[in-house]
Amino acid sequence: MSAIESPVANLPLSADQQIDVFLDLSEVQNLFIAGESVPALSGETFVSRDPSTDHPLATVALADSADVDRAVAAAREAFQHGPWPRMRAAERGRILVAIATELRANADALARLESLDVGKPLAQGYADVETCARYFEFYGGIADKLVGTTIPVAPHLLDYTVKEPIGVSGQIIPFNYPMQNTGRGGAPALAVGCTVVLKPSPESPLSPLAVAALALRAGLPAGVLNVVPGGPAAGAALAGHPGIDQVTFTGSVPTGVSVAQAAAANVVPAVLELGGKSPSVVFGDADVDRAVNGIMGSIFSNAGQTCSAGTRLLLQRGPGGDRILEVLIERTKKLSIGRGIDGVDLGPLISARQRDKVESFVDAAVSEGAELLSGGSRPDLDGDGYFFEPTILRVASNSATIAQTEVFGPVLTVIPFDTIDEAAAIANDTQYGLSAYVWTTNIDAGLAMASRIRSGQVNVNTYNVGTGIEIPFGGFKKSGWGREKGIEGLASYTQVKNVCIGIGEEYLGMQ
Ligand code: NAD
């Protein structure tokens, strides 16, 4: 049994928890609207808890629809009359790059904040700061390179296109990567001149507030990025608000459906980044160390609470596959579990509810006949953190409930296959299509799987490109609509205007 030290045991918070002047956790964390920190109009607050200990971490203002109205009005004012969409694109780009610099300058505080609020290992907190900074840097660099086209309709018609900002973007994000998501949706929207209202999850509201405060410090005009932590009521109010021009939603399928319906009622486009049940397809010829590293990294990062997690291990029958499974189980049993900020391999789940849900999925799988190969229970740790062991189950077929349902925890389901045709069929036998991972030393097998798997990303002999900000990311099937990240991610925030100018034919000497 390993004890978990808790510096967050009692309020008031200890000195090492004061994150920085931009977020003093002993104060109520207000909403961030029009460049100011303001309480909710209702005066309501909620407590964000440290999932490693179940102790209060911060008291946060709870936005409702009236606060969403205020935030949308601020973003609308900044879009219609403020400097942001009107300034030179290069100047917008410079400010986004300055935000990246500000984030990196505060990496220690931000990484700690993310680790405490989400429970993730501190190293992942640092990685999330860097990824968020890279979004601002990447899209800052693109801001002045968004060129239109000229179209050769006829000599007397000068026809050209302009990419204009779509307007006010409403962004609703989940609990698992709040800082990354703030950059992922925020930076491309801001780069093209949009303004943003962002609603974080009440389970992890802190880092988006910190990023917004730092962005203001870096020179982002007031009202351009507004943050309103709240629950489903605030989310629904934002998704269906008549004052927004576009919605970016990241979260579960059922919530995504209701967000898409609300957006449709206002005839505004929605990007939907939803769930996944991504396969790691491992052929018997795969390099053992690389495959095991990749399988573990893709399922156990962030305690399995990653949309693109490789949750299904499709393993080829035979000695190669057996060896990979043996090493995988051995190494999984050695993973350290504990408080994220203590530098462990695996932190807690986000909430007791989520931990209980994961536990009940595992229990149901075992009673349905799954074989438990590792983990499967709450670890024996002191304290009330929401921990669950890294778990490996083997099922006979992909039709098992655990192979079809998004668990959103550190649970890997092993499914056997023999042939490449069978592997492709099992990989595609899911309602989702977000990511896929293939491990093989046979280039033909790798390319065949890349072509046959229906998902937004296929990774062969690598797993961590999901954090790569340069590449498009998004789902096939129920994993969503549209793409974020990369140059493709800009399309959601621009609309194309065609301008056609008739030139008198006599001026062209054509008569
Ligand atoms: P969720 O759907 O419960 O919540 C997502 C967000 O929607 C939260 O901010 C929540 O407060 C808000 N919300 C809740 N009800 C709403 C409503 N009726 N209208 C508008 N907003 C509402 O998801 P979650 O539990 O926070 O996150 C886990 C899910 O997110 C998983 O399914 C995971 O796969 C998915 N996810 C997808 C991606 C991706 O890029 N595809 C990334 C991360 C997470």
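The values are calculated or read from the model by the stated rules, or taken from the named source; none is laboratory data. Every value quoted in this text rests on a predicted model; they were computed, and no experiment measured them. Methodologically, a virtual Cβ is constructed for each residue, glycine included, from the backbone with ideal geometry; neighbour enumeration extends over all protein chains shown. Surface areas here come from the heavy atoms of the whole protein model, side chains and all, with no ligands, DNA or RNA. Shrake-Rupley method; radii C 1.70, N 1.55, O 1.52, S 1.80 Å.
Annotations
- Linear extension gain, SER399 paired with ALA90, 0.36 nm per residue minus alpha-carbon span: 106.0 nm
- Solvent-accessible area assigned to carbon and sulfur over the chain amounts to 54 percent, based on a 1.4 Å probe.
- Histogram of C-alpha separations across the range 279-460, 5 Å bin width, %: 1, 9, 18, 22, 21, 15, 8, 4, 1, 0, 0
- With N the number of residues in the range 218-257, Rg(Cα) / (2.2 N^0.38 Å) evaluates to 1.38.
- Note on the range 445-490: the C-alpha convex hull projects to 3.5 nm² when averaged across all orientations.
- If R0 is 51 Å, the Cβ-Cβ spacing of LYS477 and GLN80 corresponds to a FRET efficiency of close to 0.85.
- Per residue accessible area in Å² of the range 133-172, where ligands, DNA and RNA are left out and the probe is 1.4 Å: 45 Å²
- For the chain, the relative contact order works out to 18 percent when only alpha carbon pairs closer than 8 Å and six or more residues apart are counted.
- A Förster radius of 41 Å combined with the Cβ-Cβ distance from ASP421 to LYS145 puts the calculated FRET efficiency at roughly 0.40.
- Theoretical FRET efficiency, 1/(1+(r/R0)^6), r = Cβ-Cβ of THR101 and VAL496, R0 35 Å, to 0.05: 0.65
- Highest average first, the peptides 346-358, 22-34 ordered by how many other beta carbon atoms sit within 10 Å of their residues are 346-358, 22-34.
- Per residue, the Cα convex hull of the range 84-126 amounts to 78 Å³.
- Total lysine pairs under 15 Å (Cα atoms) in the chain, excluding pairs fewer than 8 apart on one chain: 4
- For the range 279-460, the solvent-accessible area works out to 37 Å² per residue, with a probe of 1.4 Å and every protein chain left in place.
- Anisotropy class of the chain from Cα gyration tensor, a/c 1.5 cut: oblate
- Between GLU44 and GLU330, the distance separating the two model label sites (each 7 Å from Cα on the Cα→Cβ line) works out to 5.4 nm.
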